[in-house]
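Notes follow the structure.
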Amino acid sequence: MQIELHNVHKTYEGAQPLHVLKGIDLSIEKGEFVSIMGASGSGKSTLLNILGILDSYDEGEYIIDGRLIKGLSERQAAGYRNRTIGFIFQSFNLISFKTAVENVELPLFYQGVSRRRRHELAMEYLDRLGLKDWAGHYPNEMSGGQKQRVAIARALITHPQIILADEPTGALDSKTSVEVMELLGQLNREEGVTIIVVTHESGVANCTNRIIHIKDGIIGEIEENSRHNASAFGTTTIMK
Amino acid sequence: MNDLFTEVWESVRRNKLRTCLTGFAVAWGIFMIIVLLGAGNGLMGAFNQGGNEFVSNSMMIGGGSTSKPYKGLKEGRRIRLDMSDMDLMKQEPFSENIDQVTTSHSQSGYALTYGKTHLNNVSLNGTFPGYADMNRIVMLAGRFINEKDIQDKRKVIVLGHLTAKNLLKGGTDYERLLGEQVKVGPFVFRVIGIRKAEENRDDRDLNVPYSTIKTIFGLDNHIDDITFTFHGLPTEEANDAFEKELKAAINTAHDAAPDDASATWVWNRFTQNLQMEKGSKILHTALWIIGLFTLLGGIVGVSNIMLITVKERTHEFGIRKAIGAKPWSIMKLIVAESVTITAFFGYIGMVLGMLACFLMDKTLGQSSMEVFGESIRLLVNPTVGMDVAIEATLVLIIAGTLAGMAPARKAAKVRPIEALRDE
Ligand SMILES: Nc1ncnc2c1ncn2[C@@H]1O[C@H](COP(=O)(O)OP(=O)(O)O)[C@@H](O)[C@H]1O
Ligand SMILES: [Mg+2]
């Protein structure tokens, strides 16, 4: 088992403490393509942030490849985020004053890869995602779909074992959404990367092989979806 | 390194105006430090001018008046030194420290005649051979007065080179005057040497053997003051102890209380120099402190814009951390930017400061004031050396680091989830 969660709790402290995750138990195998589905505010992002070691949890255990992820130092967390995990966000989170290729290079910079080598690699990944001609463009000169593909290239460039995507199609139109989901599916099949997609859209969830429903801070139904027929709206479209 | 500077340049370029305004404050601070230190150096130079005409390890002692009754004698009695005091100083225990003992006596208001040339208002200065060393006299021709001149009361004379030049009608072949006869008032002297005259001063003193003028003017054994050189008194305490002992001995010889402080006076050039150095150090430190406070304004400014920068870039730092930036690599960005801004504008300030010192040297540094017939320069060499430039550079780098520290910490503490939430 690559990812294991046992009884994970998370409360946001504040004037009114908010108990968001109330005992999550979950296992994900290496090479799976799963989605986490739930209503807005159900704690999906919270869970994904814990999986990505962007946030801490209060209780329970989170284990990657048999190693307990708890109480890591900032440096250790940075190491995991840099090498083990790739992140894709709804709002892309590209650095606005860096060009596409510079954005894609950045994770390699934090690995200490030489300037020339990381430029070569970044160009290679942009080429694979059909963005070679856009390498020198800034994010605000690109469409949403292009920006998300740059973000995917940035997530892929370090060969992470796990890719976490938080509403990756949330800011995209239907057609582009389908393209992005197909791209993620292809990566999962061809490279064997574990991909976890958070979404509240059933069409998006339907593109994945397993759908984990989250409700009121605990895991509800888990649907096997290898035939991709869970969507009421057909198998090849994502309704917006 | 290269990558770091690319990042710094990108950030600075996005905030040109803001950076320049703050940078100006830093430049101003360093400019002030350099100009203040330069002016301070010039001032100390002005205090010290003429100071190096004398050897520093010398003292002068003279008679005052008693401040208390002693051995039945009333207070307020005048003490006059005489030749026996000079002998006392050549004996134990003072001879251990004292090298050369001299005194001098001047008679002024004479005319100097050589052939058909007259010079008015010169003075005859009777002295001893030791005078030459004590006053760092440089001979341009011939020799200074020697022991034999003193013993034989020879009528020989040493002229300053400016006087000699006058006698030669502008000529500088001083050798020609050696062995010539000159008249001072009614007295005839033979020229034995030409010495370099003191800078910035009228050259009116003509040196002759003390014994000679004593005879000519029928002086008694009394003398005004005694000047001597010494060795082996390295500290202020040692000097004070020595002065006390010497005064006690001379007081006793004149029937004054040994501890009567006003019966004799001592002027110690060595301790005066020590105090001068101390004063100069204090001035130097004070100027640094004033300068550093001026610079502080600039540093606070840089720290502030770095804080604003961090705030504006929170989202970006969140992204960087999400893709694996360690806290230190974020801190480095901010500290490097802070040091770059501080050092860059600091250097501009330093160069302008040095330029200002240069201008000060060329203007104020060349002007002088007449005081008691001596021209005194207001500032002597008001510039700063390489050492100050290096110190200022260090200050800039430290200041830049300090200015960047708090903002950098803040940047490193950015939590990715908070920075990335709700876009
Ligand atoms: N940092 C936070 N501090 C306080 N409350 C938060 C924070 N982040 C999220 N929440 C709250 O926690 C709940 C779950 O949020 P989230 O995990 O983002 O849900 P989802 O992604 O499923 O929409 C929401 O009610 C949200 O307002
Ligand atoms: Mg969410």
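Using a 10 angstrom cutoff on alpha carbons, build the Gaussian network for chain B and name the most mobile of B:Asp203, B:Asp99, B:Asp387.
B:Asp387
By how many nm would the segment from B:Met276 to B:Glu418 grow when fully extended, if each residue of separation counts as 0.36 nm and the alpha-carbon distance is taken off?
45.0 nm
Of all trypsin sites (Lys or Arg not before Pro) in segment A:1-85, which ones are in loop regions per DSSP and have a Cβ with at most 15 other Cβ atoms within 10 Å?
Hits after loop and neighbour filter: A:Lys30, A:Lys70.
Residues with beta-carbon under 14 Å from that of B:Asp173, excluding B:Asp173: net charge, scoring Lys, Arg +1 and Asp, Glu -1?
Details: positive: B:Lys165, B:Lys169, B:Arg176; negative: B:Glu175, B:Glu180.
Value of the local net charge: +1.
What is the sum of charges, Lys and Arg at +1 and Asp and Glu at -1, for the other residues whose Cβ falls under 13 Å from the Cβ of B:Gly404? Walk me through the numbers before you get to the answer.
Values: positive: B:Lys332, B:Arg409, B:Lys410; negative: B:Glu337.
Result for the local shell: +2.
Report the accessible surface area buried between chains B and A, summing both sides, using a 1.4 Å probe on protein heavy atoms only, in Å² rounded to the nearest 100.
So the total buried area for this chain pair works out to about 2300 Å².
So for segment B:105-223, considering every pair of alpha-carbon atoms, how many percent are separated by more than 18 Å?
Details: 3199 of 7021 pairs.
The proportion of pairs with Cα distances above 18 Å equals 46 percent.
Rounded if a/c is under 1.5, else prolate if a/b beats b/c, else oblate: with a ≥ b ≥ c from the C-alpha gyration tensor eigenvalues square-rooted, which is chain A?
Oblate is the answer for chain A, as a/c is 1.5 or above yet b/c matches or exceeds a/b.
Put a dot 7 Å past each Cα toward the Cβ at A:Asp65 and B:Asn48; how far apart are the dots in nm?
6.9 nm
Give the residue list of GluC sites (Glu not before Pro) in segment A:57-165 that are DSSP loop and have at most 12 other beta-carbon atoms within 10 angstrom.
Loop-located and lightly packed - none at all.
For the pair B:Asn304 and B:Ser108, what calculated FRET efficiency results from E = 1/(1 + (r/R0)^6), where r is the Cβ-Cβ distance and R0 = 60 Å, to the nearest 0.05? Walk me through the numbers on the way to the answer.
On the way: r = 68 Å, r/R0 = 1.14.
Once rounded, the FRET efficiency stands at 0.30.
Give me the one-decimal Kirkwood hydrodynamic radius in Å for the protein assembly as shown, with the sum taken over alpha-carbon pairs. Before the final figure, lay out the partial values.
Values: mean 1/r = 0.0300 Å⁻¹.
With all distinct Cα pairs of the protein assembly as shown included, I get 33.3 Å.
Find me the longest stretch of chain B that has none of the exposed chymotrypsin sites (Phe, Trp or Tyr not before Pro), where exposed means in a DSSP loop (not H, G, I, E or B) with at most 12 other Cβ atoms within 10 Å.
Answer - B:1-216.
Using a 7 Å offset from Cα along Cα-Cβ at A:Gln111, what residues in segment A:161-201 end up with backbone N under 11 Å from the label point?
A:161
Between beta-carbons, use under 14 Å as the cut-off and find the net charge around B:Thr229, counting Lys and Arg +1, Asp and Glu -1. Before the final figure, lay out the partial values.
On the way: positive: B:Lys90, B:Arg136, B:Arg269; negative: B:Glu96, B:Asp99, B:Asp133.
That sum, taken over residues with Cβ under 14 Å, equals 0.
Just reorder A:Glu223, B:Glu147, B:Glu92 by solvent-accessible area, largest first, 1.4 Å probe, all chains present.
Highest to lowest solvent-accessible surface, that is B:Glu92, B:Glu147, A:Glu223.
If a/c stays under 1.5 just call it rounded; otherwise compare a/b with b/c (prolate if a/b is bigger, oblate if not). Do that for segment A:11-77, with a ≥ b ≥ c from the square roots of the Cα gyration tensor eigenvalues.
oblate
How large is the helix-only mean residue ellipticity at 222 nm for chain A, computed as the sum of -39500 (n - 2.57) over DSSP H runs with n ≥ 4, divided by its residue count, in deg cm²/dmol to the nearest 500?
-9500 deg cm²/dmol
From the phi of every residue in segment B:406-416, what ³J(HN,Hα) in whole Hz does the Karplus formula 6.51 cos²θ - 1.76 cosθ + 1.60 yield, where θ is phi - 60° and glycine or proline is x?
Coupling constants for segment B:406-416: 4, x, 5, 4, 4, 5, 5, 8, 3, 8, x Hz.
Considering only protein heavy atoms and a probe of 1.4 Å, how much of the accessible area of segment B:105-223 is carbon and sulfur, as a whole percent? List each step's numbers first, then the result.
Numbers: 2560 of 5770 Å².
So the carbon and sulfur contribution to the accessible surface is 44 percent.
Could I have the simple spin-label model distance between B:Gln366 and B:Met386, label points 7 Å from Cα toward Cβ, reported in nm to one decimal?
Going from the B:Gln366 label point to the B:Met386 one covers 2.8 nm.
Considering only protein heavy atoms, what per residue accessible area in square angstrom results for segment B:105-223 with a 1.4 angstrom probe?
Heavy-atom accessible area per residue stands at 48 Å².
The values are calculated or read from the model by the stated rules, or taken from the named source; none is laboratory data. Everything numeric here is computed off the predicted structure, so don't read it as measured data. Virtual Cβ from ideal backbone geometry, glycine too; neighbours counted across all protein chains shown. For accessibility, only protein heavy atoms count, side chains too; no ligands or nucleic acids. Shrake-Rupley method; radii C 1.70, N 1.55, O 1.52, S 1.80 Å.
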